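Since the structure comes first, as structure tokens, the remarks are kept for the end.
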Amino acid sequence: MEIELQEISGFLQKIPPFDTLPSNKLAVLSKSIEIEYARKGTILRDAKEQLSDQERKLYLIKKGALAYYGKDNELLSKYSEGDLCSVWLMPDKNAFISVLAEEDTLLYRINKVELDDVIQEAPEARAFFGQTAAERLNKRLQKQQEEALLSSGLITSQVTDFYHSPAATIEANQSIQQTAITMTELGYSCLVVIEPQYNKERAPVIAGIVTDKDIRIRCVVENLDIQHPVSEIMTPALITIEQNESAYDALIKMTSHSIHHLPVTQNGQLSGMLTITDLMNHESENAVNIASLIRKSESIEQLKQLSKLIPKLQVRMAKLGASADQVGKSISAITVAITHRLINMAEQKYGPAPVPYAWLAAGSQARLEQLSHSDQDNALIIDNSMLPEHQSWFKQLAHFVCDGLAECGFIYCPGNIMATNQKWRQTKKLWQNYFQQWVESPTPDALLNSSVFFDLATVYGDHGLLNDVRADMLQRTQNNSLFIAHLSRNAQMLKPPLGFFRDFVLVENGNNEKALDLKHNGLALIVDLARIYALQQGVSAVNTQERLKAVAGSSAITKSSARNLIDSYTFLSNLRLKHQADQLSQGKSATNFMHPKALSKLEREHLKDVFKVIKTLQDARQVTY
């Protein structure tokens, strides 16, 4: 019996959230476990089953596999060794789910009442079981932001290189309402609270700090009168740092104390404010330096050498803990700088353009979501005044720039979506005709083109050309139910790989190995949904997160669903960024293919949450259209 308990305890220690339990709680839980065996084909839970509180339970799979089925016998998910099956805990939220043993399965079972007793004083475990998939994902992202890793650049940099001066202050006797007003007017998320200054010639005495979070939690949630002094909700015993200390020391203080704002002092007197964002943006500034060198380059060979810094920048930013959003915008900015310089070189070689034009980026670069050396997607919009004899100039421009980008590591588009293809090198009038045909006659080819060309951004030239085309296009797509229905149906064709992990949807990664495609099996699904919402609502933004923020609360999607999709996109993007940084650090090429074994148990759980969120929103489109 003792050996059996040790085996159960050892098994639980490896599974989130039980890995956070102290040993005494783990021992109690182990003793409460019952063992159940289910033969292949056994229906463990019927969707119609009604359970009392005493009958609710949690299953842990020791060996074997279970499958979840929804309405119309649709496969929702698969679970194998080490996974948790919690549909019994909250049957109301899982009213339509049935559970079947996919093979002979050995299960550990614990009653909900006993589980609640064990985790009552274990906040992490209690939160895990009390949260939805979307809530768990949001919690994980908050924690990720606080776990910024160290960069060698911070070790050699001083706080003076980062902080903002002067720090905004408010006197301790001022009201909470006035504090909120001051923060709003300044656009700050925190204020340093100082003792009332009756003698203005004296240096201010720091009393504490107040953040927007303090106002929400200590005032609004507690229903505190907003006329009370801010000293009642501030955090006293303020942690500070001297301005001559290193940025590395600042990051250590901020992460160890779980704070995002660090007042900076000089000889004990308040000097300024440092935020975690200031440190994380440090590596983004390197992109500005690289872009500056690119603008001064005199040959394609120099551009080629500078472009080799892009993977290194991606790795350094990832190590610092920068988000995929920050990295994508930095790398996209460098790609824009390279394209600018190539166009300048082409104009020096072939002479000025005969008529106005706009060089466009499509896809991930247009959305500012580009990572290291992706393939190039581009096009040209030319002013309607173009004459037949002008075609040769634009053809030369297109080949010069696309060939130059290829030499700099941006491979030619496999689908030939480049300005070198005359089809994508046309006048504004013809581009407007393209979009009219795609929207009004949504054939399979039209839908394929819409997934690329509805994400466009002007890189160089006359911005008005694309603005006119986009305005005309959005006027056609907004409230065009037939076109939106076709787009929605097209987006349903690729489902998230919810057959986790026993029957995980894996694809060939090019090395005869099976792997998860983080881009096409995850990120692309969210990008497609965000694009549909934006086109439906007439939103001009092309960045995925900006689109979701713009449509949140509209007829297309609720605010909470938009927030859940943003969290899902952020988690997947950061997972891909970390994966690629690891590959680049090992001297390998960056890919979107990740083997499931590279994921931790907790990451698997969060990835399941991501796919559940995506599927829920895909299903909503299916019901509507």
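At-a-glance table
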| read-out | value |
| --- | --- |
| Equivalent ellipsoid semi-axes - Cα gyration tensor, the chain, angstrom | 44, 37, 24 |
| Nitroxide proxy distance, nm - points 7 Å out along Cα→Cβ at LYS349 and ASN24 | 7.6 |
| Other-chain or far-sequence residues with amide H under 5 Å of THR420's (modelled H) | none |
| Residue-by-residue Karplus 3J(HN,Hα) for the stretch 545-552, coefficients 6.51, -1.76, 1.60, Hz, glycine and proline x | 5, 5, 4, 5, 5, 5, 9, 4 |
| Extension gain, ASP472 back to SER585 (0.36 nm per residue minus Cα-Cα distance, nm) | 36.1 nm |
| Rounded FRET efficiency, nearest 0.05, which uses the C-beta distance separating ILE411 from GLN622 and R0 of 35 Å | 0.45 |
| Relative contact order (%) - the stretch 2-129, alpha-carbon pairs under 8 angstrom, separation at least six | 34 |
| FRET E, pair GLN227, LEU602, Förster distance 41 Å, beta-carbon r, rounded to 0.05 | 0.40 |
| For the stretch 2-129, alpha-carbon Rg and Dmax in angstrom | 14.4, 45 |
| Set LYS25/LYS63; LYS40/LYS78; LYS312/LYS578; LYS549/LYS578; LYS329/LYS514; LYS78/LYS612 screened for pairs whose C-alpha atoms are more than 20 Å apart | LYS25/LYS63; LYS549/LYS578; LYS329/LYS514 |
| Distant alpha-carbon pairs in the stretch 282-469 (separation over 31 angstrom), percent | 17 |
| Whole-Hz couplings from phi, Karplus 6.51/-1.76/1.60, listed for the stretch 382-396; x for Gly and Pro | 10, 4, 4, 7, 4, 9, x, 6, 7, 4, 5, 5, 5, 5, 4 |
| Sites GLN178 and VAL220 - FRET efficiency at Förster radius 22 Å, r taken between beta-carbons, to 0.05 | 0.90 |
| Full-stretch length increase - THR42, SER554 - with 0.36 nm per residue and alpha-carbon distance subtracted | 179.9 nm |
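No value in this document is a laboratory result; all are computed from the given coordinates. Please read all numbers here as calculations on a predicted model, not as lab measurements. Glycine gets a Cβ as well: all are built from the backbone with ideal geometry, and neighbour counts include every protein chain shown.
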